[in-house]
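The values are calculated or read from the model by the stated rules, or taken from the named source; none is laboratory data. Owing to the predicted nature of the structure, the values given are computational and were not obtained by experimental measurement. Note that each Cβ is placed from the backbone with ideal geometry, even for glycine, and that neighbours are counted across all protein chains shown.
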């Protein structure tokens, strides 16, 4: 069994969970599906059944070559490399995300144009994305909730993976609301690097002025995004 500790990757081995993911993706013959992380290919052939096209990318060459030898679907394109560098157009996104790449994936998805997707993430990370509390909020929560509608579909016990992770996972459905560019993603992250300061003092770091004495925890998602846009002007 291949174990990718460096990526925090654990391979789904539950056919019932794979079927649930593909069913909830609501793929049609008009859809191009982008699968980030081919892995051992438990999702790939299921995605191909209903899609117009499937693009499946894995960073691990060994896994890519195994998939090439196993799958010959006419509507499947397999690639080896960094999926976050892809410029492919797609309508549906599906991924059992490596835990270490979850934040990167959300930031990348914020910049992509697509309809909807199904992602599996670490339970703790899902709770951060779904949290409605402003206390202790992180930049990734703001980026995710500004650009995506997020719905929890199912908990996934650690026993559904090989090797089993130390924590449980969660399947989320994401629906794209709006697309933002990398500059805005970076600006939101920059704001949170000063999260303990008041808005007045944060803006001073960027040569801006305000009389607002609140902190980031006092602002809504949209207000934080507006603040990030202000520092880009």
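Here are some notes:
- Complete set of residues in the range 27-44 that are in contact with a helix residue (DSSP H, G or I) (Cβ under 9 Å, 6 or more places away or on another chain) and farther than 21 Å from residue 82 by Cα: 27, 28, 29, 31
- All of (1) modelled with pLDDT under 95; (2) touching a helix residue (DSSP H, G or I) at 6+ places or on another chain (Cβ under 9 Å); (3) over 20 Å from residue 162 (Cβ atoms) hold for residue 87 with one exception: (2).
- All positions within the range 114-159 that are assigned to a loop (DSSP other than H, G, I, E, B) and in contact (Cβ under 8 Å) with a residue 40 or more places away in the chain: 114, 115, 134, 135, 136, 137, 138
- So residue 131, is it surrounded by fewer than 18 Cβ atoms within 10 Å (Cβ to Cβ), in the same structural domain as residue 102 (by TED's automatic domain parsing), under 23 Å from residue 24 (Cα atoms) and at pLDDT below 95: yes
- Number of positions in the range 219-233 that are assigned to a helix (DSSP H, G or I) and within 23 Å of the chain's Cα centre (by Cα): 8
- Residue count for the range 160-192, restricted to those that are outside any strand (DSSP E or B) and either surrounded by 12 or more Cβ atoms within 10 Å (Cβ to Cβ) or modelled with pLDDT of 95 or more (or both): 22
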